[in-house]
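Scroll down for the structure; my scribbles are underneath it.
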Amino acid sequence: MRRLLIVSNRLPVKVQKSKNQFGITPSAGGLATGLKSYHKSHDSVWIGWPGISVGSAKDENTIKVLLEKEHCLPVFLDNKMIENYYHGFSNATIWPLFHYFTEYIIFRATYWRAYKEVNLLFADRIIKHADKNDTVWIHDYQLMLVPDIIKEKRPDLRVGFFLHIPFPSFEVFRILPWREEILKGVLGSDLIGFHTYDYARHFISSTKRLLGFDVNFNQIRLEKRHVYIDVFPMSIDYEKFQRKAYEIQSKPIQERSKEHRDIDRFLLGSPNRKLILSIDRLDYTKGLTVRLRAFRHFLRKYSGYREQVSLILLTVPSRVEVEQYQSLKSEIEELVGSINGEFGTLNWNPIIYFYRSLPFANLIELYCSADIALLTPLRDGMNLVAKEFIATKTNHKGVLILSDMTGASKELGEAIAVNPYNIENVSDAIYEALNMSDEEQQRSVSIMQERIKRYDIYKWASEFIEALDKTKEKQAEYQARIVSEDLIKTLKIEFAKAQSKILFLDYDGTLQKFYDHPKAAIPDKELYEILDIIASVQKAELVLISGRDKDTFNEWFGDQNYTLIAEHGAWIKPRNGRWKERKSVHGEWKKNLIPVLESYVDRTPGSLIEEKTHSLVWHYRKADIELGALRALELQDDISNIILNQDLEILEGNKVMEIKVTGINKGNAAFEYLQNRNFDFIMAIGDDWTDEYLFQELPKSAYTIKVGTDKSIAKYYVDNYRDVRELLKTLTKKTNNG
Ligand code: GDG
C-alpha cells in the first residue's frame, strides 16, 4: 500500500531532556498544530527535526524509539547546522525576504551551504525510508531544495510541496542570490500548493522570468514533465476547537486555568468591560508594535472607552536566538509599559501582557473569553489564529478584526478588514467592533464558521493528496507514450524492412534548439550528418517541413538531397527539384500590417518582425516573458479586426505570432505530397502545435512523435531535440547483422 510521508523542519512533537530523561511535548506553530490531527488519523510517517541536538548514538537511539510511538522519524541536526541552516538561511534570509522585510535579510554563503547540506540530509532520510511509489509531502520554506533532490534519485515517488508562508512578488524574490536554485529545488515536486492565489501567481511569475519555463494555466512545463500549481488555503481541526470550547464553558470557574481566573476576577470589577485578544508568535511580521500604537491611538481618540476595554496580548516566544526577535521583545515590552503607564488606573490595566506559550486548554479559554480578536500581521501566509478564534465562538458572538495582509483575509470576508499599517483604520475598526450589534456578530460568525467547518484541516489535507494523485495520473498517461527502448527497436526493424519510407521532420525545436533570434538557429555539422545519412538510405525520402521562410531553408538545405516544405506548406521543393508556390498571393496585405507590428516591436523590447512571402511573423522569444504574452493577446485582438474579410489567419506558435494566408498548413501540404504514392513506413516528428495538422493528416499506420510535453494527437513523445537526433541516428545505425 502507498504510504504518506509528511516532511517538515520540525516534528509535531518536541523532544526535551529533563533529569537525564527524554520526554516529548507538542510543538508550537501553525504547521505542526494544523497538520498533526491529520497525521494522527492517517497511517502516515512524519520526518523532521526533533528539536534537540544530541551528540551520542545511544541518545539518538533512545529518541528514535520514543518517537516511533508517535509515527515520527527524526533527522538529527547538530548545533552548527541549526545555527546556519535554521536560524541562518531559513529565518534570517528566507523568512524576512518572503515577508517583504528586506531590511532584515542577511545573505551569507555559510548559511546557504548549511541549507544545502541539511536539505540533502532530509532528502537522504526520505529516500532511504520511502517504499516504491510512496507519497511524500514536504512542507515549508526550510526544505525548498528537497523536492528536486528526491525527484532526481527516486522518480517513482509522488512529491508534493506546500509553502506555509507568502511567496513574494518577483521584484522582491529576485534579490536572492540563490534564486534559481531555490526555484529549481521546489520544481522537483509534482504538485506545489500555496495558501492564496497571489502567492501562486508570484511563484509562477518568478519561474517564468527567471527560468524561462512556459506556463499553461496552472501547469509549469518543464522539459520532461509538467508541475502543477494550486491553491489550498490551510484550515484547522474545527471540531476539536469547538468541542474543547463547549467542554471548557461547561466547567465551573474554579476548575479553569489561573490565567482564566485572573481574567475573570479582572472582569468582575466591571462586568461590561470588553476583552480584545491578540495572539501571535513574537515575530516582526505579526505587526505587534503597530498594533499597540493603534490601540494607544484608540484609547486617545475614543477616550470614553477607557476602563471599558482591555487588550490581552499573548506573545509566544519564538526564534529567541535571532537578533531582531530580541530587540522586538524589548520594544513591545516598552510600549506595553508606556501605554499602561499613560492610561492605567488602580482598577484597570489597558493591556494584560503574557510572554509565554499556553497549554491548549488555556488557549481555548482565552479565545472563549474574548469579545474581539485583533489580528493585524503586516504579512502572514495564512493566520490560523483567526480561524481558531471563530471556531470557539459557540454562541456565535464575537468580532474578528483581521489584517488584509493575511492569507486568511481572502476567505474570512465577514471579518472587519484593516490595513495594519494604518493606525487610524485599526483604531476605528476597534470602535466598530465594540459597537457591532449581536445580530450582526452572529450573522458574520455563523457564515465564517460554516466555511471553516466545511473546509477543515482534513479536507485541506485530503484535497492536496487527491490533487497530487491526479497530477501523477496525468503524468503517467504521458509517460506511457514516451518513446521507449522497445519502440526504438521496433522502429529500427520496421524502417529497415520497409520498401519505401518517408520521414517528415519539423526544424526548430525538433531538430534544433530554439535561439533568441530565428536566424541564429543554423544547422550544425552533426545535424547535416544525421540528415544526410537518412536521405542516402535506399528508398527513403526525407522531408523537412517547417514554418521557416523558403529563402533561409533554401540557403541551409537547398543543395541537399531532401524535400523541403517551407512557410507551413506555402512552398515546396521536391528533392533535386525547384521551389513551387502552392498558393499564389499578392503581398499587398502586408503594407497595412507592417506598421501595426512595428508599433508592437517598439513597445515590446526584444521582439522583432520577420517577413516571409506568405506571412508576417512577430517573434517575442527575447522579450520579457509576461509582457510578451500580454502583447501577443493585444496583437491578436488588434489584428483580427484588420484582417476581417481577408484571406488571412493568425497562427500562434512557440513565442511567435504569425499572420498568414489561409488555407495552407503542414497537414494539407503533406497530404498533397503523399497523394498517389505508396509508403510502407511513415514517420513524422514535430514540437509545435502547427505540427498537429501534420499528425492529423497522416495515415493511421504512421509513427507520429511529439517533442516536449504539450498535449498532442501524436502517438508518442520524446523530451527534446537531442532525443530526436539520437532516435534518427539509431534508426540508420548499422548493426552487426546488418
Ligand atoms: C505559519 C505561517 C500560517 C499560538 N500560541 C499558542 C499556540 N499557538 C498556535 C495557534 C496556531 C499556531 O500556534 C499559530 O499559527 P499561525 O497560522 O497563526 O502562525 P505561524 O506560526 O506563523 O504559522 C502562517 C501557518 O504557518 C500555517 O500554514 O498560517 O501564516 O506564518 O495554531 O493556536 N498554541 C498553544 N499555546 C499557545 O500559547 N498550544
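The values are calculated or read from the model by the stated rules, or taken from the named source; none is laboratory data. Since the structure is predicted, the reported quantities are computational estimates derived from the model, not experimental observations. Cβ atoms come from the backbone with ideal geometry, glycine included; neighbour counts cover every protein chain shown. Note: accessible area is taken over every heavy atom of the protein model, side chains too, but ligands, DNA and RNA are not part of it. Shrake-Rupley method; radii C 1.70, N 1.55, O 1.52, S 1.80 Å.
Here are the numbers for this structure:
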item: Enumeration of residues in segment 610-632 that are part of a loop (DSSP other than H, G, I, E, B), open to solvent by less than 50 Å² (accessible area, probe 1.4 Å) and either in contact with a Lys or Arg (Cβ under 6 Å, 6 or more places away or on another chain) or under 29 Å from Trp579 (Cβ atoms) (or both); result: Lys612, His614, Tyr620
item: Search result, residues across segment 608-630 that are among the hydroxyl-bearing types (Ser, Thr, Tyr) and out of contact with any strand residue (DSSP E or B) (no Cβ under 6 Å at 6 or more places or on another chain); result: Thr613, Tyr620
item: Glu529 open to solvent by 60 Å² or more (accessible area, probe 1.4 Å) and under 30 Å from Ala391 (Cβ atoms); result: no
item: Single unsatisfied condition, Ser446 versus (1) more than 21 Å from Thr33 (Cα to Cα); (2) assigned to a loop (DSSP other than H, G, I, E, B); (3) within 33 Å of the chain's Cα centre (by Cα); result: (2)
item: Segment 36-87, subset of a type in the set (A, V, I, L, M, F, W, C), outside any loop (DSSP other than H, G, I, E, B) and open to solvent by 10 Å² or more (accessible area, probe 1.4 Å), residue nearest to Val118 (Cα to Cα); result: Met81
item: Qualifying positions in segment 541-557 - of a type outside the set (Asp, Glu) and part of a helix (DSSP H, G or I); result: Lys550, Thr552, Phe553, Asn554, Trp556, Phe557
item: Qualifying residue in segment 473-489 (condition: without any contact (Cβ under 8 Å) to a residue 40 or more places away in the chain and in a loop (DSSP other than H, G, I, E, B)); result: yes
item: Lone qualifier among Ile664, Ile639, Ile685 - being part of a strand (DSSP E or B) and β-branched (Val, Ile, Thr); result: Ile685
item: Qualifying position, being in a loop (DSSP other than H, G, I, E, B), crowded, with 17+ Cβ neighbours inside 10 Å and without any contact (Cβ under 8 Å) to a residue 60 or more places away in the chain, among Gln560, Gln538; result: Gln560
item: Criterion: open to solvent by 10 Å² or more (accessible area, probe 1.4 Å), β-branched (Val, Ile, Thr) and either on the phi > 0 side of the Ramachandran plot or touching a helix residue (DSSP H, G or I) at 6+ places or on another chain (Cβ under 6 Å) (or both) - qualifying residue of Ile482, Ile488; result: Ile488
item: Selected residue (only one of Thr25, Thr33 is outside any strand (DSSP E or B), of a type in the set (Ser, Thr, Tyr) and either more than 16 Å from the ligand (Cβ to nearest atom) or more than 28 Å from Leu183 (Cβ to Cβ) (or both)); result: Thr33
item: Number of the condition not met by Asp404 [criteria: (1) surrounded by fewer than 19 Cβ atoms within 10 Å (Cβ to Cβ); (2) touching a helix residue (DSSP H, G or I) at 6+ places or on another chain (Cβ under 8 Å); (3) acidic (Asp, Glu)]; result: (2)
item: Unmet criterion (only one of (1) in contact with a Pro (Cβ under 9 Å, 6 or more places away or on another chain); (2) within 16 Å of the ligand (Cβ to nearest atom)) for Tyr86; result: (1)
item: Which listed residue is of a type in the set (A, V, I, L, M, F, W, C), in contact (Cβ under 8 Å) with a residue 24 or more places away in the chain and surrounded by fewer than 14 Cβ atoms within 10 Å (Cβ to Cβ), from Ile565, Ile522, Ile545; result: Ile522
item: Condition met for Ser189 (at pLDDT below 95 and in the same structural domain as Tyr86 (by TED's automatic domain parsing)); result: no
item: Among the residues listed as Asp198, Asp214, the single one being open to solvent by 10 Å² or more (accessible area, probe 1.4 Å) and within 15 Å of the ligand (Cβ to nearest atom); result: Asp198
item: Matching residues in segment 301-326 - criterion: being open to solvent by 50 Å² or more (accessible area, probe 1.4 Å) and either outside any loop (DSSP other than H, G, I, E, B) or modelled with pLDDT under 90 (or both); result: Lys301, Ser303, Gly304, Tyr305, Pro317, Val320, Glu321, Glu323, Gln326
item: Residue, nearest to Ile565 (Cα to Cα), within segment 674-692, restricted to residues that are surrounded by fewer than 19 Cβ atoms within 10 Å (Cβ to Cβ) and in contact with a helix residue (DSSP H, G or I) (Cβ under 9 Å, 6 or more places away or on another chain); result: Leu674
item: Hits in segment 110-144 (condition: open to solvent by 20 Å² or more (accessible area, probe 1.4 Å) and within 24 Å of Ala32 (Cα to Cα)); result: Lys116, Glu117, Leu120, Leu121, Asp124, Arg125, Ile127, Lys128, His129
item: Qualifying residue in segment 693-707 (condition: crowded, with 20+ Cβ neighbours inside 10 Å, in contact with a Ser or Thr (Cβ under 7 Å, 6 or more places away or on another chain), in contact (Cβ under 8 Å) with a residue 24 or more places away in the chain and β-branched (Val, Ile, Thr)); result: yes
item: Candidates Tyr721, Tyr673, Tyr716 - the one that is of a type in the set (Ser, Thr, Tyr), more than 24 Å from Asp549 (Cα to Cα) and touching a residue at least 60 places away in the same chain (Cβ under 8 Å); result: Tyr716
item: Any hit, segment 137-146, residues being in contact with a helix residue (DSSP H, G or I) (Cβ under 9 Å, 6 or more places away or on another chain), among the hydroxyl-bearing types (Ser, Thr, Tyr) and away from the ligand (no atom under 16 Å from the Cβ); result: no
item: Residue within segment 430-442 that is part of a loop (DSSP other than H, G, I, E, B), within 30 Å of Thr289 (Cβ to Cβ) and either touching a residue at least 12 places away in the same chain (Cβ under 8 Å) or more than 27 Å from the chain's Cα centre (by Cα) (or both) present; result: yes
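Conditions (1) at pLDDT 95 or above; (2) surrounded by 19 or more Cβ atoms within 10 Å (Cβ to Cβ); (3) of a type outside the set (Ser, Thr, Tyr); (4) assigned to a loop (DSSP other than H, G, I, E, B), marked per residue:
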{"site": "Asp148", "(1), (2), (3), (4)": "yes, yes, yes, no"}
{"site": "Pro155", "(1), (2), (3), (4)": "no, no, yes, yes"}
{"site": "Gly160", "(1), (2), (3), (4)": "yes, yes, yes, no"}
{"site": "His164", "(1), (2), (3), (4)": "yes, yes, yes, yes"}
{"site": "Phe167", "(1), (2), (3), (4)": "yes, yes, yes, yes"}
{"site": "Glu171", "(1), (2), (3), (4)": "yes, no, yes, no"}
{"site": "Pro177", "(1), (2), (3), (4)": "yes, no, yes, yes"}
{"site": "Glu181", "(1), (2), (3), (4)": "yes, no, yes, no"}
{"site": "Gly185", "(1), (2), (3), (4)": "yes, yes, yes, no"}
